[in-house]
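Asks: Dumping the structure here so I can ask a few things about it.
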Amino acid sequence: MGEPILEVKDLKVHFPTPDGVVKAVDGLTFTVHRGETFGIVGESGSGKSVTCLTALGLIKRESAQISGEVLFEGHDLLKLSNEDLRPIRGKGLSMIFQDPFACLHPFYRVGDQIIEAIQCHDSCDKNEAKNRTIGLLDAVGIPQPDDRIRDYPHQFSGGMRQRAMIAMALAHNPSLLIADEPTTALDVTVQAQILELIDHIKQEFNIGVILITHDLGVVADVAQSVMVMYAGRAVEYGSRDEVFSGPLHPYTWGLLESIPNIDRKGGRLVPIEGAPPSLIRVPTGCAFNPRCPHRFDPCDKDRPELLDRGGGHPEACHLRIEDKKRLWNEREAGRVEVAS
Amino acid sequence: MSRAASTNEPTTDTPPEDIAKSSKAVGEPLVTVENLTKRFPIKKGIIFQREVAAVHAVEDVSFAIYPGETLGLVGESGCGKSTTARVLLKLIEPTSGKITFEGEDITNLNKRQMRPMRRQAQMMFQDPYASLNPRQTIGQIIGAPFRIHKMSGEAKPKVQELMERVGLNPEHYNRYAHEFSGGQRQRIGVARALALRPKLIVCDEPVSALDVSIQAQVLNLFEDLQGEFGLTYLFISHDLGVVRHISDRIAVMYLGHVVEVATADELYNNPKHPYTAALLSAVPKGKVGAQVTTRTVLTGDVPSPVNPPSGCPFHPRCPKARQVAGGEGVPENCRDDLPPLGEVVDNHHAACWYPVEETEELAKAAHA
Amino acid sequence: MTQYLIRRTLWSITMLIAVTALVFVIFFLLPGAAGNAGSGKYPPVAVRIAGKQPSPATIEAIIDRLGLDRPVHEQFFSYLGNAAQGDLGYSYQTEEPVTQAVLRRLPPTIGLALGASVLWLLIGCTIGVISALKRRTVWDRASMIGALAGVSMPVFWIGLMAVFFFDSRLQIYDTGSYVPFTSNPLQWLSVMWLPWIVLALTYAAIYSRMVRGNMLEVGGEDYIRTARAKGLTERSVIRHQLRSALTPVVTMYGLDLGLLLGGAIITENIFNIPGIGSYTVTAIAQQNLPVILGTTVIASFFIIFSNLIVDVFYAILDPRVTYS
């Protein structure tokens, strides 16, 4: 793994609303390194997208109370003004989004939108920008780029649009690419193409990638590090192998058990009881405690910090490490038994 | 044009009820579709519009669903799976083909004649936010089928019983849909679909909009209700894991055609159609240590259903066809003739001239 | 595209014929209608034209001259045939050719509609855009309260107040001194400014609310977030936003202008501008069928034509729209 390129320290993003304060992100710390894909997993409302939008300054500052630090290339992004942040957006730090159908302006040609992205950081003439655009489209696998550059977004398929978005994001050789659910709106075969493309780019340019997704399968396939989020906080954080072969948090267990397995018919799914909490009234103590089958005394009183409790990687659960290992093994055994 | 000809004559000799039976296939099928075709015309003209082309949404699809069984219908967006379901329920009229429900031919029934059948077959949709009327209480929503079908008696106790059964608090009878979360709304949808004790429920991507933890709850509910009420499901999804979990038997669609039908385990363990194989290999395995096999990544996009390829619809992207032809284009029969949905191995049907061998690894498809 | 235009033109002609037929039906067939003799001996319109205590001979002469005794369908088709050649008949009252009268009254109406529309477009879009960009500020709230007031006040009230205030009180405006632009541009301007403002106020209010709404909606679109994320300056982002937010305004503007070209009835009457609108009102009061028909056909033509123009424009502005 390369040197750290993004360090997030105790990030808090709170939105005051008439009903109360929405604690979208509530104390988050993590580091992304060059050359790694960092997977952030969580369900809707876990704060995974807000974290990245905040880093890019895409959350309106006047609508939120933001604290903490986001260090990128020697700057604390949270302290930069919008004007100072602009030269970083799309240059050192670029982002692609979930819905490629909505992310390109429907009235402008795809080529022009990329040319615009090139020209807003580099002062080059239109012709040079155009040639670079054709090169980028070619690099992300769009056939006949010199023709397609004149197309409008609606003339592109979903996969092609996501490729165009990636081309745009790569225009200035960023050191970090944030991909927010980049394949959720796409079909599986197209998803495979896009994931492969992102992985290829990561290796070729040795950049860092943050991959935000709700799909554990995607993370397990392409990420090197994983952070599992619940209600605005990290509940488990480690390398892919650590988290997937020895998960230590009951929420991670629940997520893993909720997914129907494609490799075997499997027995009954074990869903997580209840529903995610309102971010205005997050339960006291551990936010997951009302849904946790293993909760005990301290769970609804003390909030567990994200610590390595001896399991090899940080997690936020009061259970003793022996109990965690035993419980996970039991749950695994139970699952396999039902399945066979 | 061999393609035009192929749609006039059935592409399979197997009667629909015998295509890849599951263990639940006993007695008479509940629903059968035979050579079902739906084309949406594209019209042009100054005053008199003439048909210049058509979207080939569903092409010569045949299958049967037996009572108590779940048939999964998978495929990527635009493959015709939702259209198939809507034609099957006669929400849209088929262009040709035959639909049988409980032995009765319902293809040409009009709206009024369809009413008794409507009670027997319900549909559930993907979006739990859009499919519920925001001005109605959930009591009214779930009770609506009783009113529409002019059932006698007090609806409220029946509705509350249903709410209890699908895991909703019956005291919430007078609440509005927006007061519920996505998972609970989908439960409301289930209760509404169940109200008239139908035999068949067609589920169109019913869990796609839900978070994984909630998705598992709803899938379990589907399974429980099937056991309790003896329901038959046609379950449409693009999520291959979900479909495998819930289905007894699975049909795979590509560009309007059913390209493969087999029992769930058989299809996933031993896919015969190269498209199915590619689809399965594209799914992230979500497991560490699983050897990173060379994934068959299909290149290019699905062709337009307005102008589908000749012969086998998959041939322009097919990795197997390229292997067979030795790197030089594709074999002639793939290009010219539509392969019939034939029994490749025991109880496993696929529409392919060169079905995939059990141990075969497909290479990356060449550029279309 | 050509095919689309041909089809639309054919439809437009059909629509015009249908509108004409409808006016005929209303005039001749409905009970109590002006051209319908009903239980009386003569159609009310003939009696009216004949004046006070006419002899039956006079009335019959009038009926004969106007052809009111011919079957309705015969009158209708002869009207259509003449109209196709640009002849819209003769006024029952003055016997002036309707075509000529309409053409004479068109310039004031066009002047009024165009002037007012430029005004409301400028005011509405400016206020709407600034309000959206400065959302929830004092400016935004003040202008939206103003817009609400503008939407709520009826034109006839604003018009009468304006006349009362500027003419009777301040005496800086002279109602009813209309002169054509060609004869004295300065005086024309001195007459038109007040009706422009009066007519534009309500529209400006509607437009500012619409533009503000569009701007806010587009501001929440993913592609605006993309524009920011790729590092565009805020100016360029706003340009992207305007491109989407103002496109629907073109549709709205075309339709509103088309409607007004058929005559701004209230404004023309209040300010005594000799346009199509005031002509129509007089004709209706006099049950002057050829004039009513003529102005209706002209108004319908403008509405249908502006619809067509709007649709064609939309295809140019929005690349997703094609007419094939």
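The values are calculated or read from the model by the stated rules, or taken from the named source; none is laboratory data. Every value quoted in this text rests on a predicted model; they were computed, and no experiment measured them. Don't worry about glycine lacking a Cβ; one is built from the backbone with ideal geometry, like all the others, and counts go over all protein chains shown. Note: areas computed on protein heavy atoms with side chains; ligands, DNA, RNA excluded. Shrake-Rupley method; radii C 1.70, N 1.55, O 1.52, S 1.80 Å.
Asks: Kindly sort B:GLU332, A:GLU196, A:GLU236 by accessible area of their heavy atoms, largest first, with the probe set to 1.4 Å. List each step's numbers first, then the result.
Replies: Numbers: B:GLU332 130, A:GLU196 70, A:GLU236 0 Å².
Most to least solvent-accessible, the answer reads B:GLU332, A:GLU196, A:GLU236.
Asks: A follow-up question, please. Quick check for you: with a 1.4 Å probe and neighbouring chains kept, what is the accessible area per residue of the protein assembly as shown, in Å²?
Replies: Heavy-atom accessible area per residue stands at 44 Å².
Asks: Pop the C-beta distance of B:LEU109 and B:SER208 into the FRET formula with R0 = 30 Å and round what comes out to the nearest 0.05.
Replies: So, using R0 = 30 Å, E works out to roughly 0.45.
Asks: Stretched out fully, how many nm does the piece from C:ASP174 to C:LEU22 gain, at 0.36 nm a residue minus the Cα gap?
Replies: My answer for the length gained is 50.8 nm.
Asks: Taking Cα centroids, how far is the range B:161-197 from the range C:183-235 in Å?
Replies: 46
Asks: Just how far, in whole angstrom, is the range B:68-89 from the range A:200-256 if you go by their alpha carbon centroids?
Replies: Measuring centre to centre over Cα atoms gives 33 Å.
Asks: Packing-wise, with mean Cβ within 10 Å as the measure, how do C:233-243, B:110-120 rank, highest first?
Replies: C:233-243, B:110-120
Asks: How many percent of the alpha carbon pairs in chain B exceed a separation of 25 Å?
Replies: Values: 38287 of 67528 pairs.
Roughly 57 percent, once rounded to a whole number.
Asks: Using unit Cβ charges (K, R positive; D, E negative) and no other charged atoms, how large, in debye to the nearest 20, is the dipole of the range C:55-162 about its Cα centre?
Replies: 1060
Asks: So what is the orientation-averaged projected area of chain A, using the convex hull of its C-alpha atoms, in nm²?
Replies: Result: 18.4 nm².
Asks: Where Rh denotes the Kirkwood radius from the mean inverse Cα pair distance, what is Rg over Rh for the range B:44-200?
Replies: Rg/Rh for the range B:44-200 comes to 1.03.
Asks: Per residue of A:190-201, count partner chain C-beta atoms within 10 Å of its C-beta, then hand back the mean as an integer.
Replies: Details: counts 7, 3, 10, 7, 0, 4, 3, 1, 0, 0, 0, 0.
That average works out to 3.
Asks: If you take the alpha carbon radius of gyration of the range C:15-172 and divide it by 2.2 N^0.38 Å, what ratio comes out, to two decimals?
Replies: Details: Rg = 24.4 Å, N = 158, 2.2 N^0.38 = 15.1 Å.
Dividing the Cα Rg of the range C:15-172 by 2.2 N^0.38 Å gives 1.62.
Asks: Once every Cα of the protein assembly as shown carries one equal point scatterer and solvent is ignored, give the base-10 log of I(q)/I(0) from the Debye formula at q = 0.04, 0.05, 0.08 Å⁻¹, two decimals.
Replies: Treating every Cα as an identical point scatterer, log10 I(q)/I(0) equals -0.28, -0.44, -1.00.
Asks: Here's a follow-up. From the Cα gyration tensor of the range A:54-180, with a ≥ b ≥ c the square roots of its eigenvalues, which class applies: rounded if a/c is under 1.5, or else prolate if a/b is larger than b/c, or else oblate? Numbers along the way, then the final one.
Replies: Values: a/c = 2.29, a/b = 1.74, b/c = 1.32.
Prolate, since a/c reaches 1.5 and a/b exceeds b/c.
Asks: Please work out how much accessible surface A:HIS154 shows to a 1.4 Å probe, ignoring ligands, DNA and RNA, in Å² rounded to 10.
Replies: Ignoring ligands and nucleic acids, A:HIS154 comes out at about 70 Å².
Asks: Assign unit charges at the C-beta atoms only (+1 for Lys and Arg, -1 for Asp and Glu), then state the dipole size of the protein assembly as shown relative to its Cα centre in Debye, rounded to the nearest 20.
Replies: 3060
Asks: So, R0 is 30 Å and r is the distance between the beta-carbons of B:GLN136 and B:SER77; what FRET efficiency does that work out to, to 0.05?
Replies: Working from the Cβ atoms, E equals 0.45.
Asks: Would you work out which of C:GLY146, C:THR296, C:ALA57 lies farthest towards the positive end of the dipole of chain C, given +1 charges on the beta-carbon of Lys and Arg and -1 on that of Asp and Glu, about the Cα centre?
Replies: C:GLY146
Asks: Based on the Cα coordinates of the range A:235-340, what is the per residue volume of their convex hull in Å³?
Replies: 108
Asks: Now, a different point. If I model the range B:136-189 as equal point scatterers sitting on the Cα atoms and use the Debye formula, what is log10 I(q)/I(0) at q = 0.28, 0.29 Å⁻¹?
Replies: After summing over all Cα pairs, the log10 values are -1.16, -1.23.
Asks: Once the dipole of the range C:120-194 is set up with Lys and Arg at +1 and Asp and Glu at -1 on Cβ about the Cα centre, which of C:LEU133, C:SER168, C:TRP193 lies farthest towards its positive end?
Replies: Positive-end residue among those listed: C:LEU133.
Asks: Okay, moving on. Which length gain, in nm to one decimal place, applies between A:THR17 and A:GLN203 when the Cα-Cα distance is subtracted from 0.36 nm times their residue separation?
Replies: Net length gain for the segment: 62.7 nm.
Asks: Also: So how do B:224-232, B:241-249, B:256-264 stack up, highest first, on mean other-Cβ count within 10 Å?
Replies: B:256-264, B:241-249, B:224-232
Asks: For helix B:138-148, report the angle its Cα long axis makes with the longest principal axis of the Cα atoms of chain B; keep it between 0 and 90° and round to the nearest 10°.
Replies: That helix lies at roughly 80 degrees to the long axis.
Asks: Could I ask something else about it? Shielding by partners for A:100-107, please: the mean number of other protein chain Cβ atoms within 10 Å of each residue's Cβ.
Replies: That average works out to 6.
Asks: Mind checking the dipole of the range C:15-85: about its Cα centre, +1 per Lys or Arg Cβ, -1 per Asp or Glu Cβ, Debye to the nearest 20?
Replies: Details: 5 positive and 4 negative charges, 43 e Å.
Computed about the Cα centre, the dipole is about 200 debye.
Asks: With only alpha-carbon atoms counted, please give the Rg and Dmax of the range C:15-85, in Å.
Replies: Over the range C:15-85's Cα set, Rg and Dmax evaluate to 13.1, 41 Å.
Asks: How large is the helix-only mean residue ellipticity at 222 nm for chain B, computed as the sum of -39500 (n - 2.57) over DSSP H runs with n ≥ 4, divided by its residue count, in deg cm²/dmol to the nearest 500?
Replies: -8500 deg cm²/dmol
Asks: Can you sort B:LYS43, B:LYS150, A:LYS60, A:LYS12 by solvent-accessible area, 1.4 Å probe, largest first?
Replies: Order by accessible area, largest first: B:LYS150, A:LYS60, B:LYS43, A:LYS12.
Asks: Accessible area, 1.4 Å probe, largest first: how do B:THR32, A:THR284 sort?
Replies: Working: B:THR32 15, A:THR284 95 Å².
Largest accessible area first, the list is A:THR284, B:THR32.
Asks: Something else: When the distances between all Cα atoms of chain C are binned every 20 Å from zero, what whole-number percent does each bin get?
Replies: In order of increasing distance, the bins hold 25, 48, 23, 4, 0 percent.
Asks: If you take the beta carbon distance between B:ARG197 and C:VAL321 as r and set R0 to 45 Å, what does 1/(1 + (r/R0)^6) give as a FRET efficiency, to the nearest 0.05? Provide the component values of the computation, followed by the final result.
Replies: On the way: r = 47 Å, r/R0 = 1.05.
So, using R0 = 45 Å, E works out to roughly 0.45.
Asks: What does the structure give for A:38-46 when I average, per residue, the other chain Cβ atoms found within 10 Å of the residue Cβ?
Replies: 2
Asks: Chain pair A, C: how much accessible area is buried, both chains summed, with a 1.4 Å probe, in Å² to 100?
Replies: When A and C are taken together, about 2200 Å² of accessible area is lost.
Asks: Quick one: pull the percent of accessible area on the protein assembly as shown belonging to carbon and sulfur, 1.4 Å probe, ligands and nucleic acids left out.
Replies: Values: 24960 of 45240 Å².
After summing per-atom areas, the C and S share lands at 55 percent.
Asks: Moving to a separate point now. Mind jotting down a quarter of the surface of the convex hull over the alpha carbons of the range B:196-252, in square nanometres, one decimal?
Replies: Hull-based average projected area comes out at 4.0 nm².
Asks: Could you give me D for the range A:95-162, from Stokes-Einstein at 25 °C and 0.890 mPa s, where the hydrodynamic radius is the Kirkwood radius over C-alpha pairs? Units µm² s⁻¹, please.
Replies: My calculation gives 202 µm²/s for D.
Asks: Now a separate question. Which angle between 0 and 90 degrees, to the nearest 10, do you get for helix B:111-120 versus the longest principal axis of chain B when only C-alpha atoms count?
Replies: 80
Asks: Put a dot 7 Å past each Cα toward the Cβ at C:ASP311 and B:PHE40; how far apart are the dots in nm?
Replies: Between B:PHE40 and C:ASP311, the label points sit 2.1 nm apart.
Asks: Over 24 Å apart: what share of the alpha carbon pairs of the range B:146-261 falls there, rounded to a whole percent?
Replies: Numbers: 2156 of 6670 pairs.
Result: 32 percent of Cα pairs exceed 24 Å.
Asks: Might you work out the accessible area of C:LEU261 for me, using a 1.4 Å probe with all protein chains in place, and round it to the nearest 10 Å²?
Replies: Accessible surface of C:LEU261 is approximately 30 Å².
Asks: Then there is this: With a 1.4 Å probe, what is the total accessible area buried between chains A and B, in Å² rounded to the nearest 100?
Replies: 3500
Asks: For the range A:125-217, evaluate the Debye formula with one uniform point scatterer on each Cα (no solvent term) and list log10 I(q)/I(0) at q = 0.11, 0.17 Å⁻¹, rounded to two decimals.
Replies: One equal scatterer on each Cα of the range A:125-217 leads to -0.32, -0.75.
Asks: Taking the Cα centre of the range C:44-84 as the origin and placing charges on Cβ (Lys, Arg +1; Asp, Glu -1), which of C:VAL45, C:LEU66, C:TYR79 is farthest toward the positive end of the dipole?
Replies: About the Cα centre, the residue reaching furthest to the positive side is C:VAL45.
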